[in-house]
Amino acid sequence: MHNLIRAEAAQADRDRRLSPAVVAALVEAGATRMLAPASLGGGELDLPSWVVAVEDLARADGSAGWTAMTTSATSSLAWYLPPDTAAEVFGPPKSVVAGTAAPVGRAVAAEGGHHVTGRWGWGSAVPLCDWVVGGAITPDGPRLVLFPAADVTVHDTWHATGLRATGSHEWEVAGAFVPTRRQVWPPAVRVPGALPAFPFFAFLAVGVASVCLGIAARAIEEAEALAMTKTPQNVGGLLAEQPEAQRDLGVAEARWSAARAFLHAEVAQRWEAAVAGQPSTDPGRARLRLACSHAAAEAVSITRLAFDIGGGTSVFEESPLQRCLRDAHVAAQHAMVSRRLFETYGKVKLGVPTDTTRL
């Protein structure tokens, strides 16, 4: 699957969508359902393993890794739904579910549920979905609500710099009825098991950070390969023989390894607490999100360093380095890894009051 993803990445970037073959491969491999319960045919991966899997797919291609990340992160929602609803939505082995958690929808109470209207952005993989998740404000507070794909209109708005093949278009529903059984607010639900005990919003933050690290790893890989074949103009010998390139590759590898180690250590610690049934704490969740934002920020810098190593060769469309640079910048712009999380961590660390509900 990874070879297929790599082979088709450039064309997918131009087409602004993953090829049918790549989508089919991701679905067949279970990459879109990695966090769904095993009882529904999902992978039910532990979080440390999920991080590695997402990073590996993003190393093959940022858009493919992002698609697997957002769909499999959404598959964790199966843990919070009534069993019959979870089976309806996630039971079919080829069911793909994604959406936008931001609570921009507006819900009007109706018998047995709500009528929901809204238009969401960053709808990654929504064009591939059988069911779509949206955040909505109900009279009783925010909820995540599930729409069948037939209720959703996708608008072709994802004309983006990077992650071009993720199909992260805006999408809309107009007065769709959502029964109560297809509504949930995970942070307010207590479900037995390690996966649902993990901070819900951290799934996406950890996933985005892992995609960023995968993209940065690919950039380092491409810079190393180029250094072994390119002879720069007005320089004697290969790029690999130039001290500046050697130093920059060493710096890139060190920074990537450090950012990855920080993220993996925090994920492992939070996962061990979830397995032990220990409640999450604000300091622990804040530190995990710090590791996520740090990984994203470092990935951008590392990818830029790899791009610079390539010199003029990096700028051409056929160079994976330019795609890595664009993908890393877009991935790191996601709100889940915003640099504001550095400030949030500082406030929690210093005991300054701050909103921690979405940690």
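The values are calculated or read from the model by the stated rules, or taken from the named source; none is laboratory data. Remember, it's a predicted structure, so these values are computed and weren't measured experimentally. Cβ sites come from the backbone with ideal geometry, for glycine too, and all protein chains shown count toward neighbours.
Taken as a whole, segment 203-216 holds no residue that is among the β-branched types (Val, Ile, Thr), under 30 Å from residue 255 (Cβ atoms), over 19 Å from the mean Cα position of the chain (by Cα) and in the same structural domain as residue 322 (by TED's automatic domain parsing).
If you go through segment 95-116 and keep only what is surrounded by 24 or more Cβ atoms within 10 Å (Cβ to Cβ) and of a type in the set (Ser, Thr, Tyr), you end up with just 100.
Beta carbons closer than 6 Å, at least 6 apart along the sequence or on distinct chains, pair a first residue in segment 273-300 that is more than 30 Å from residue 327 (Cα to Cα) with a second that is β-branched (Val, Ile, Thr) for 282/348; 282/356; 283/348.
Sub-6 Å Cβ pairs linking a first residue in segment 133-160 that is assigned by TED's automatic domain parsing to the domain that holds residue 325 and farther than 20 Å from residue 111 by Cα to a second residue that is of a type in the set (S, T, N, Q) and modelled with pLDDT of 95 or more, at least 6 apart or interchain, number zero.
On the given criteria, is residue 49 surrounded by 24 or more Cβ atoms within 10 Å (Cβ to Cβ), among the polar types (S, T, N, Q), not in a loop (DSSP other than H, G, I, E, B) and not assigned by TED's automatic domain parsing to the domain that holds residue 214? No. The residue pairs whose first member lies in segment 59-87 and is of a type in the set (A, V, I, L, M, F, W, C), whose second member is assigned to a loop (DSSP other than H, G, I, E, B), and whose beta carbons are closer than 6 Å, counting only pairs six or more residues apart or on different chains, are 66/163; 68/31; 78/36; 78/37; 79/191.
Among residues of segment 117-134 being outside any strand (DSSP E or B) and not polar (S, T, N, Q), the one that is surrounded by the fewest Cβ atoms within 10 Å (Cβ to Cβ) is 130.
Of everything in segment 294-307 that is among the small types (Gly, Ala, Ser) and surrounded by 24 or more Cβ atoms within 10 Å (Cβ to Cβ), the residue that is farthest from residue 204 (Cα to Cα) is 306. Only one of these is surrounded by 16 or more Cβ atoms within 10 Å (Cβ to Cβ) and hydroxyl-bearing (Ser, Thr, Tyr): 76, 39. Name it. Every option except 76 fails the conditions. Summed over segment 308-321, the residues that are closer than 17 Å to residue 248 by Cβ and within 23 Å of the chain's Cα centre (by Cα) give a count of 1.
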